[in-house]
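I have placed the structure first, in the form of structure tokens, so that the comments after it can refer back to it.
The values are calculated or read from the model by the stated rules, or taken from the named source; none is laboratory data. What you see is a predicted model; the values in this text were computed from it and never measured. Cβ placement follows ideal geometry from the backbone for every residue including glycine, while neighbour counts extend to all protein chains displayed. Ligands, DNA and RNA are excluded from the accessible area calculation, which covers all protein heavy atoms including side chains. Shrake-Rupley method; radii C 1.70, N 1.55, O 1.52, S 1.80 Å.
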Amino acid sequence: MMKKTSKMAAAGVLAAMMALSLAACGGSSNSGAPAPAETQADGSVKTEGRTMKVLNPEEPGAEDALNKAMDAWAAEAGVTLDKMVISHDDQLTKFPSMAKNKDLPDLIQTTRLHQLYPEEFVDMSTVVDTSLFEESALKIVGKDYKSDKISGLPSQFTTTNFYYNKDAFAAAGVEVPTVENPWTWDELYENAAKIQAGGNIKYGFAADVSRARYDILMYANGGSLTVKDGDSFKVAVNSPANVSTLEQFVKANEDGVMTKAIWAGGSTDNPVEYFKNGDVAILLSGSWNYNSMTTDITKFQFGVMPSPKGTVSQAAIIGGSALAIPENAKNKDLAEEFVKWFFEEGNFKNYLQDDKGLSALKNVVYEPSDEGAAADYKILQEEVGYVTDTFMVDESSAWRTYKDNEYRDYIKRAVSGELSAKDALDSFAKELSESSGWSIAE
């Protein structure tokens, strides 16, 4: 996704950019230097009258679940919040200067900073009992790539999943797959074509224009981008299994079962909007879209179906945002107090009811009042169990620090017909190998 910044020559420029950015960022308060930490008789930290500086990736709205939780804690603890906004991408380029200049926030909501710079962050296993968390969420969202250190705790947790148009399925006489009897990928393509022919829709299947969505197919067929090579890795993205997967994906686009113009780069339309408009029978997207589906879809009934099986298994990709505390933050003790409070069962359950998302805690889940939504969320939670070992290996390689968007672009070039599936994956394998220093496995 995003690359680590390490060019020393840019440090001065980044520092200046950071100063300008912080000057432009809004905050609920800026009361100057915080009061020193004071330990009370019961061993807790005195919080009242102090300020915690929080870095968010976007301006939090009044109804933002994490923002509401943070405001509730601040009111309870007598703490003032100084909220800054720096996007996820800009966090990666500006954080090194923040650390160097000792101008750090106390708490950061981030996707990768804590994994790229684990030495700069508190080991969260010393703050909260990590046995309470889903193991996959800790490994993917919270863990340092190079060790077992938990440098962040997952606050927002998402998974990939498949939405379907109930009305289109019924019109075409296609039975919905179940968790006990999921489709194969071959059956998905076949049924998508059948629904397209008789379900009063334009496309049988659509997928977000994201390599992370395409990779579901790859992992289900036993493929991966990398393989372990001792303490290092080899590039495996152009394996025969992966070439076969891409060829099938290209064929679905050429046959018109999928929205070829979008994946071929000829349109910037969003497949999610196609689904919401009733133009697509099956959509591969993510759990983060569920809430907007419930409010935006009015023409038909929708639901969630389980991931199909590939030649090896079902597959899903999980991700999300983490709460991380810089080791050298002035008021990291305040951040630790908030994190402890946030992940208490009652407080986290309140957060989930506002967030309407999946839970990173084992024994706390979002409980929709609607029966249909409750059934959908049960399937969404099941998807978490389909994360493959190959995905975990790819994540541990941190391959995206070398190449990222280039991978998706090569897939698009295959869909457009500019390159064959083999040539596209061979070309990306060569680029990733040259950039990372890893040899090509095949």
message = Looking at segment 353-365, I want the residues that are assigned to a loop (DSSP other than H, G, I, E, B) and have a partner that is open to solvent by 60 Å² or more (accessible area, probe 1.4 Å) and modelled with pLDDT of 90 or more with Cβ atoms under 6 Å, at least 6 apart or on another chain. Which pairs are those?
response = Val364/Glu345; Val364/Lys349
query = Condition test on Lys309, is it touching a strand residue (DSSP E or B) at 6+ places or on another chain (Cβ under 6 Å), open to solvent by 40 Å² or more (accessible area, probe 1.4 Å) and under 30 Å from Val257 (Cβ atoms)?
reply = yes
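Quick check on my filter: what residues within segment 201-218 are open to solvent by 10 Å² or more (accessible area, probe 1.4 Å) and either hydroxyl-bearing (Ser, Thr, Tyr) or without any contact (Cβ under 8 Å) to a residue 12 or more places away in the chain (or both)?
Tyr203, Ser210 - these are the residues of segment 201-218 that are open to solvent by 10 Å² or more (accessible area, probe 1.4 Å) and either hydroxyl-bearing (Ser, Thr, Tyr) or without any contact (Cβ under 8 Å) to a residue 12 or more places away in the chain (or both).
Identify the residue in segment 72-93 that is assigned to a strand (DSSP E or B) and not polar (S, T, N, Q) and, among all such residues, is nearest to Lys340 (Cα to Cα).
Leu81
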task = Specify which of the listed residues (Val174, Val179) is in contact with a helix residue (DSSP H, G or I) (Cβ under 6 Å, 6 or more places away or on another chain), under 30 Å from Ile195 (Cα atoms) and surrounded by 18 or more Cβ atoms within 10 Å (Cβ to Cβ).
result = Val174
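Please determine whether any residue of segment 395-403 is assigned by the TED database to the domain that holds Gly222, open to solvent by less than 60 Å² (accessible area, probe 1.4 Å), hydrophobic (A, V, I, L, M, F, W, C) and part of a helix (DSSP H, G or I).
yes
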query = Do we find that Ser435 is of a type in the set (Ser, Thr, Tyr), assigned to a loop (DSSP other than H, G, I, E, B) and open to solvent by 40 Å² or more (accessible area, probe 1.4 Å) in this structure?
reply = no
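Mind telling me which of the residues Glu134, Glu187 ends up being closer than 30 Å to Glu120 by Cβ, touching a residue at least 24 places away in the same chain (Cβ under 8 Å) and either in the same structural domain as Leu358 (by the TED database) or not aliphatic (A, V, I, L, M) (or both)? Before the answer, list the steps.
Details: Glu187 fails: closer than 30 Å to Glu120 by Cβ.
Sole residue among the options that is closer than 30 Å to Glu120 by Cβ, touching a residue at least 24 places away in the same chain (Cβ under 8 Å) and either in the same structural domain as Leu358 (by the TED database) or not aliphatic (A, V, I, L, M) (or both): Glu134.
Mind listing whichever residues of segment 47-62 are assigned to a loop (DSSP other than H, G, I, E, B) and under 21 Å from the mean Cα position of the chain (by Cα)?
Matches in segment 47-62: Pro57, Glu58, Glu59, Pro60, Gly61.
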query = Pairs, please: C-beta under 7 Å, at least 6 apart or cross-chain, first residue under 16 Å from Asn405 (Cβ atoms) and in contact (Cβ under 8 Å) with a residue 12 or more places away in the chain and in segment 419-442, second of a type in the set (Ser, Thr, Tyr) and open to solvent by 60 Å² or more (accessible area, probe 1.4 Å)?
reply = Leu432/Tyr402; Ser435/Tyr402; Ser436/Tyr402
inquiry  = What's the number of the only condition in (1) over 27 Å from Gln381 (Cβ atoms); (2) open to solvent by 20 Å² or more (accessible area, probe 1.4 Å); (3) not polar (S, T, N, Q) that Ala236 fails to meet?
reply    = (2)
query = Can you name the residue in segment 44-64 that is among the aliphatic types (A, V, I, L, M) and surrounded by fewer than 19 Cβ atoms within 10 Å (Cβ to Cβ) and, of all such residues, is nearest to Val339 (Cα to Cα)?
reply = Val45
request  = List the number of the failed condition for Leu358; all other conditions in (1) under 17 Å from Gln156 (Cβ atoms); (2) open to solvent by 10 Å² or more (accessible area, probe 1.4 Å) hold.
outcome  = (2)
note = A careful count of residues in segment 191-209 that are out of contact with any strand residue (DSSP E or B) (no Cβ under 9 Å at 6 or more places or on another chain) and under 21 Å from Asp269 (Cβ atoms) gives 2
query = Given the residues Thr298, Thr294, which is the only one that is assigned by the TED database to the domain that holds Gly199, open to solvent by 10 Å² or more (accessible area, probe 1.4 Å) and free of Cβ contacts under 8 Å to residues at least 24 places away in the same chain?
reply = Thr298
request  = Working only within segment 405-421, note down all residues that are assigned to a loop (DSSP other than H, G, I, E, B) and either loosely packed, with under 15 Cβ neighbours inside 10 Å or assigned by the TED database to the domain that holds Thr111 (or both).
outcome  = Gly417, Glu418
ask   = Within the set of pairs 6 or more residues apart or between chains, which connect a residue that is of a type in the set (Gly, Ala, Ser) inside segment 54-65 to a residue that is outside any strand (DSSP E or B) and open to solvent by less than 20 Å² (accessible area, probe 1.4 Å) with Cβ atoms less than 6 Å apart?
value = Ala65/Tyr351
key: Output for segment 109-151, where each listed residue is among the β-branched types (Val, Ile, Thr) and in a loop (DSSP other than H, G, I, E, B)   = Thr111, Val122, Val127, Val128
task = Scan segment 415-429 and give yes if some residue there is within 24 Å of the chain's Cα centre (by Cα) and on the phi > 0 side of the Ramachandran plot, otherwise no.
result = no
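Within segment 186-200, can you find the residues that are open to solvent by 20 Å² or more (accessible area, probe 1.4 Å) and outside any helix (DSSP H, G or I)?
Kept after step one, since they are open to solvent by 20 Å² or more (accessible area, probe 1.4 Å), are these residues of segment 186-200: 186-187, 189-191, 193-194, 196-198, 200.
Once the filter is applied, which keeps residues that are open to solvent by 20 Å² or more (accessible area, probe 1.4 Å) and outside any helix (DSSP H, G or I), segment 186-200 yields only Asn200.
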